[in-house]
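See structure below.
The values are calculated or read from the model by the stated rules, or taken from the named source; none is laboratory data. All figures in this text were calculated on a predicted structure; none of them were measured in a lab. Counting neighbours? That spans all protein chains shown, and the Cβs are built from the backbone with ideal geometry, glycine included.
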Amino acid sequence: MDTFTLQLQAEFEKRLEADLGTVFNTLVALFAVVSYWRGIWALLDNLFGDSVAGDLACVLMGLVSRVRDFINMPVSCACAMT
């Protein structure tokens, strides 16, 4: 193989290693978020059981979370949404 091909292969391997690290970190973060929400749902199921009150509590928590995020949104983001 010539020098150019070896350099190209080395650069490709270097970028691939960086991408694999990013993918791994993303998968760990995804697992953490899903586990967190599964824990929240399990707690609500233990508290309310399988009932309408539990469903309403989930909807209320979601709405409060969205409203809180919208209130804390920077002005530049709010202007871009309109």
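Could you look through region 1-11, keep only residues that are modelled with pLDDT of 80 or more and not aliphatic (A, V, I, L, M), and pick out the one that is farthest from the chain's Cα centre (by Cα)? It comes out as T3. Looking across region 54-74, just one residue is within 15 Å of I40 (Cβ to Cβ) and of a type in the set (D, E, K, R), and that is D55.
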